[in-house]
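J.: Got a structure for you, questions after.
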Amino acid sequence: MRFMHIRTRFAPSPTGFIHLGNLRSALYPWAFARHNKGDFILRIEDTDLERSSQEAVDVIIEGMAWLGMDIDEGPIYQMQRIDRYREVIKQMLDAGLAYPCYMSEEELNRLRDQQMANKEKPRYNGLWRPESGKTLPAIPDGVLPVIRFRNPIGGSVIWNDAVKGQIEISNDELDDLIIARPDGTPTYNFCVVVDDLDMKITHVIRGDDHVNNTPRQINIMKALGGTPPIYAHLPTVLNDAGEKMSKRNGAMSVRDYQKAGYLPEAILNYLARLGWSHGDAEVFTKEQFVGWFDLESLGRSPAQHNPEKLLWLNHQYIQNADAAKLAEVTKPFAHELGIDTEHGPDFVQVVGLLKDRANTLIEIAEGSKLFYLPAPQLTSEQIAENIPEAIKPALNDLIEAIKTAEPSKESYGAAFKQVLAKHQLKMPALAMPVRYGLFATTQTPAIDAVLVVLGKEEVVNRLSRLV
Ligand code: GLU
């Protein structure tokens, strides 16, 4: 184990939708490979031709790249490995590890009905399984066989799951799995085994909806002379209502989060905690996560999606982000709202002003609108209503003080203070009319910072129209 070269994989079926739970199934094997300086492989399980699409593959690859999960090998498409699966099926037939079964669909159904009527568990009865001394039925005309794996009889399959502990399944529970359909196409559980062996996967970290497949996969793997990898089956991710997360239950896709103005760092941090923990660390970098990640600290019970926590994390990352970098990723959102960030106030300054209060990039973009709209054209009624006559002398003094002040928050703050003291006014009495005069609204961030961002000339022009 100490010298093992760790190789993990994420093996999504590209069926069109990738939610946070799916991404977590990518994140943990990725982090485990990175922590151990191993390899991380992306394998696309696209043998279900009707449900798979290249568009869905692109979404997965883009989503992973966006979150910074880099791939060492792949994407490897199962559809491009069909010849390899066929080759292994042939080897298994030749070695007596698998056999053709000519039982028709109808016969199988009849068998199942009978077993159900006898209150038995429905399973294939081994009719076509060759045994020494057994005479097989005559091969029917015109029937293409399926190929079945000769599952061991008696004994059990045992593995030590890194999350669930030891699991033991009796071989009596497992019938002879179909590994190829009548048209020769290999089946899902079989392809997974060939791939995990060929790709030298050492740790299979995946959702626990695959626990039932694992004993079958282990048996086939052993029959092929391979050593089963270590399995870590991750408990499901539930949505905020406590149901299994799925598109049908309203889950958002990775692209939805991108469009809603989430930062990839926040999503990654969030996913990391969705079933894994390191003490009580809640906010950490990708590097810390990789440094800390281990299978021992994986959660054993289902993780529940908590949208408020994700939003809170997003806020943390936005607040602590460098304004210039944040401005870069916010620009597309601002442009979407018709804001021309290339003209008017410096967008980095605007973002710097808004980031402390914003939960998403969209909120920053929305907030920045204020600074790029043309000066409001106030009617005389609006002025009369919002700029009291009694304030005008103070406003005049403020304009003069601003003209000569250093263009900084501190100097503008001092200018306000001095004017307020002279006129015996409280801050809101002056700040509210100033806000209104600048933007036709009294909802703005801190006024001294707003003056800096809007720029002295623009501020003086806008305020001068009021007095
Ligand atoms: N393709 C499977 C899925 O998307 C994953 C199989 C595996 O990880 O072994 O659920």
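Any read-out appearing in this document is the output of simple, stated calculations on the displayed coordinates, not a laboratory observation. Not measured: the values here are computed from a predicted model. Don't worry about glycine lacking a Cβ; one is built from the backbone with ideal geometry, like all the others, and counts go over all protein chains shown.
J.: Hey, could you grab the Kirkwood Rh for the range 109-234? Inverse mean 1/r over distinct alpha carbon pairs, Å, one decimal.
T.: For the range 109-234, the Kirkwood estimate is 16.3 Å.
J.: While we're on this one: Say R0 is 51 Å: what FRET efficiency, to the nearest 0.05, do Thr404 and Glu308 get from their beta-carbon distance? Don't jump to the answer; show the numbers that get you there.
T.: On the way: r = 47 Å, r/R0 = 0.93.
Efficiency for this residue pair is about 0.60.
J.: Something else now. Could you point to the residue in Gln424, Gly352, Ile339 farthest towards the positive end of the range 316-467's charge dipole, with +1 and -1 charges on the Cβ of Lys/Arg and Asp/Glu respectively?
T.: Gln424
J.: Kindly write out, for the range 324-334 in residue order, the coupling ³J(HN,Hα) from the Karplus curve 6.51 cos²θ - 1.76 cosθ + 1.60 (θ = phi - 60°), rounded to whole Hz, with x marking Gly and Pro.
T.: Ordered by residue, 3J(HN,Hα) equals 5, 5, 5, 4, 4, 7, 8, 3, x, 5, 5 Hz.
J.: If you don't mind, there's one more thing I want to ask. Most exposed first by the Cβ proxy, i.e. fewest other Cβ within 10 Å, how do Arg129, Arg51 rank? Mind showing how you got there, number by number?
T.: Numbers: Arg129 17, Arg51 12.
The order, fewest Cβ neighbours first, is Arg51, Arg129.
J.: Given the -39500 (n - 2.57) contribution per DSSP H run of 4+ residues, what per-residue ellipticity at 222 nm results for the chain, rounded to the nearest 500 deg cm²/dmol? Working shown, then result.
T.: Values: 19 runs with 212 residues, N = 467.
It comes out at -14000 deg cm²/dmol, rounded to the nearest 500.
J.: Kirkwood Rh and Cα-based Rg: tell me the resulting Rg over Rh for the range 314-467, rounded to two decimals.
T.: Result for the range 314-467 is an Rg/Rh of 0.99.
J.: Order these peptides, 447-457, 224-234, by their mean beta-carbon neighbour count within 10 angstrom, highest first. List each step's numbers first, then the result.
T.: Numbers: 447-457: 19.5, 224-234: 17.8.
Ranking, from highest mean packing down: 447-457, 224-234.
J.: In angstroms, what radius of gyration and Dmax does the chain have, counting Cα atoms only?
T.: Taking only Cα atoms of the chain, I get Rg and Dmax of 32.4, 112 Å.
J.: Okay, moving on. How many angstrom separate the Cα center of the range 157-204 from the Cα center of the range 370-449?
T.: Here the answer is 72 Å between Cα centres.
J.: Once Rh is set to the Kirkwood radius over Cα pairs, what Stokes-Einstein translational diffusion coefficient, in µm²/s, holds for the range 1-74 at a temperature of 25 °C and a viscosity of 0.890 mPa s?
T.: Details: Rh = 12.7 Å.
Estimated diffusion coefficient is 193 µm²/s.
J.: Arrange the peptides 422-428, 358-364 so that the one whose residues have, on average, the most other Cβ atoms within 10 Å appears first. Each step should come with its number before you reach the end.
T.: Values: 422-428: 11.7, 358-364: 21.1.
Result, highest mean Cβ count within 10 Å first: 358-364, 422-428.
J.: Name the residue from Leu238, Gln443, Met4 whose Cα lies farthest towards the positive end of the charge dipole of the chain, charges +1 on Cβ of Lys and Arg and -1 on Cβ of Asp and Glu.
T.: Toward the positive end, the furthest listed residue is Met4.
J.: Further, regarding this structure: For Ile230, enumerate residues with amide H under 5 Å from its amide H, sequence gap 5+ or separate chain, H modeled in the peptide plane.
T.: It is His203, Val204, by chain and number.
J.: On a full-extension model of 0.36 nm per residue, what is the gain between Asp94 and His278, subtracting their alpha-carbon distance, rounded to one decimal in nm?
T.: Working: separation 184, 0.36 × 184 = 66.24 nm, distance 5.02 nm.
Gain in length upon complete extension: 61.2 nm.
J.: Counting other beta carbons within 10 Å of each residue's own, what order do Phe32, Phe289 fall into, fewest first?
T.: Working: Phe32 24, Phe289 21.
Listed from fewest to most nearby Cβ atoms, that is Phe289, Phe32.
J.: Can you give the Kirkwood hydrodynamic radius of the range 38-154 from its Cα pairs, in Å with one decimal? Can you show the working numbers first?
T.: On the way: mean 1/r = 0.0549 Å⁻¹.
For the range 38-154, inverting the mean 1/r across all distinct Cα pairs yields 18.2 Å.
J.: Is there a pair in Lys121/Lys222; Lys37/Lys200; Lys247/Lys355; Lys392/Lys426 whose C-alpha atoms are over 23 Å apart, and which pairs would that be? Write down the numbers at each step before the final one.
T.: Details: Lys121/Lys222 26 Å; Lys37/Lys200 15 Å; Lys247/Lys355 31 Å; Lys392/Lys426 14 Å.
From the list (Lys121/Lys222; Lys37/Lys200; Lys247/Lys355; Lys392/Lys426), the Cα-Cα distance tops 23 Å for Lys121/Lys222; Lys247/Lys355.
J.: For the chain, find the longest principal axis of its Cα atoms and tell me its angle to the long axis of helix 214-223, 0 to 90°, nearest 10.
T.: 50
J.: Given the C-alpha centroids of the range 33-87 and the range 312-360, what is the distance between them in whole angstrom?
T.: Taking the Cα centre of each part, the range 33-87 and the range 312-360 sit 34 Å apart.
J.: What share of the DSSP beta bridges in the chain is antiparallel, in percent to the nearest 5? All intermediate terms of the calculation are to be shown ahead of the outcome.
T.: Values: 16 of 31 bridges.
Within the chain, antiparallel bridges account for around 50 percent of the total.
J.: For the chain, with only Lys/Arg (+1) and Asp/Glu (-1) charged at the beta-carbon, what is the dipole magnitude about the Cα centre, in debye rounded to 20?
T.: On the way: 51 positive and 62 negative charges, 129 e Å.
The dipole of the chain has a size of about 620 debye.
J.: Could you please rank His203, His343, placing first whichever residue has the fewest other Cβ atoms within 10 Å of its Cβ? Mind dumping the intermediate values first?
T.: Numbers: His203 22, His343 8.
So the residues, fewest neighbours to most, are His343, His203.
J.: Convex hull over the Cα atoms of the range 162-263, averaged projected area in nm²?
T.: Details: hull surface 39.8 nm².
If I average the Cα hull's projected area over directions, I get 10.0 nm².
J.: In Å, what is the Rg of the alpha-carbon atoms in the range 245-398, and how long is Dmax?
T.: For the range 245-398, the Cα radius of gyration and maximum Cα-Cα distance read 21.4, 70 Å.
J.: Show the residues, 5+ positions off or on another chain, whose built amide H is closer than 5 Å to the amide H of Tyr77.
T.: Here Ile44 satisfy the definition.
J.: If r is the Cβ-Cβ distance from Ser380 to Gln424 and R0 is 25 Å, what FRET efficiency results, to the nearest 0.05? Display every interim value, and only then the final one.
T.: Details: r = 28 Å, r/R0 = 1.11.
Given R0 = 25 Å and the Cβ-Cβ separation, E is 0.35.
J.: Which one, Tyr102, Ile220, Val192, is farthest towards the positive end of the dipole of the range 95-227 when Lys and Arg carry +1 and Asp and Glu -1 on their Cβ?
T.: Ile220
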